[in-house]
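As structure tokens, the structure follows; a few thoughts come after it.
What follows is calculated from the coordinates using simple rules that are stated; it is not laboratory data. Every value quoted in this text rests on a predicted model; they were computed, and no experiment measured them.
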């Protein structure tokens, strides 16, 4: 998993992270703030982290697996 944390105390609620995410990893929660909904789909593009005006989002520097070494969204290893 790559996106690991949204610090809601720092979040301004602008929802830029939801708008910019190309894989729909983030969704607006019941409190009107973003929440990580589909963490396993995160491709570590850093767009959400870069767009956050309050540095409320942290994306790990490496994906949990190397691209091309797994099949499908559940990460079943090849071979």
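Numbers for the structure displayed
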quantity: The range 3-60, relative contact order in percent, only Cα pairs under 8 angstrom and at least six apart counted; calculated: 47
quantity: Cα gyration tensor, the range 11-63 - rounded (a/c under 1.5), prolate or oblate; calculated: oblate
